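Derivation of every value follows stated rules applied to the coordinates shown; laboratory data play no part. No experiment lies behind these values; they were computed from the predicted model shown. In this analysis, Cβ positions are derived from the backbone assuming ideal geometry, glycine residues included, and neighbour counts consider all displayed protein chains.
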Amino acid sequence: MNQSASPALSPGTRLAYLIIAVATGLLMPIQSRVNGALGVRLADPFAAALVSFVVGLVALTLIHLLLPGPRRAAQTIPRVLRQRQFPWWYLAAGMVGAFVVVSQSTAVPIVGVALFTVSLVTGQTVGSMIVDRLGFGPAGPRKISALRMIGALLTVVGVVWAVSPRIVTDVELGTLLFPMFFSLIVGVLMGYQSASNGVQAQAYGHPLTATLMNFVVGTLMLAMIILIRLPIASTEGSFPTQWWYYVGGLLGCVFIGVSAFMVRHLGVLFTGLCMICGQLLGSLLLDLVVPTAGSHISFATVAGTALTLLAVALASVSGGGSAKLRRR
């Protein structure tokens, strides 16, 4: 499979893409809080994830039926799969998306958004560097320069610093290790998810179609898991009547779709760093506008967010050009 690098971006276009990626990252904390709350109301994180995915799948199906561009791209799916224009295991990106939502529904009510963000972001940074270097994305292998490596490390430091006031006031860390480790692994896999979606978007001709396939695969996997565990599933939960409990799937559509588009032009690592920056800003805004019982904005919160912004700017200085070696 040939994977050619995308054309070099002009400074103006690169800045516009950077802003869009950061703005999209703002949605992740909102999605995490919504899906976490839905998981508590349903008393089942897998059920909450399935509801989120079904909502997203319905929205994407309507978009593909109503808009000519996505509709034409969806018509290429059988041919793309038949011709094996990408390895079949790239479809597993939808499973990763499902586990992202499961981790939100499982971990956020237990460890809070702060520790969840630390675990997920650390995994995202590591996973993005790995897949960028190996060339899983549509732009092929990308060199990880010293500046980009420093930027990635500073991102993790900035996130930990920003959430440190909430970490030290949490319950004993020993009780949080499993949900944190689970979120860390999911974060690592998100780098693979972004790269796979970028390749699929290029093959289908539209990032929304790659997002649609994500939701199809994720919905099928979650439905099978729920059927298997049906005899032991909790019956204590109930469906909430407030509309906002169900917007997580819509936010996921935007997040995955933009990521699938951006990785072709910015690379997996830099796209991930920009979205991580947006996640921190979104968490800060949530704490200001819609604070929860544990919300606390301190100097460390603001300084850590500023350091993350600096880290993304530092990483953007390094072009992250594609490596000369191409996979075939």
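Side notes on the structure shown:
- For the range 68-128, the set of trypsin sites (Lys or Arg not before Pro) satisfying both a DSSP loop assignment and a count of at most 11 other C-beta atoms within 10 Å is given as R84.
- Span per principal axis, largest first, for the Cα atoms of the range 1-106 (Å): 46, 38, 29
- The chain, dipole about Cα centre (Lys/Arg Cβ +1, Asp/Glu Cβ -1), debye to the nearest 20: 1480 debye
- The Rg/Rh ratio of the chain, with Rg taken over Cα atoms and Rh as the Kirkwood radius over Cα pairs, comes to 0.96.
- Within the shell defined by Cβ-Cβ distances under 15 Å, the residues around A43 carry a net charge of 0, with Lys and Arg each +1 and Asp and Glu each -1.
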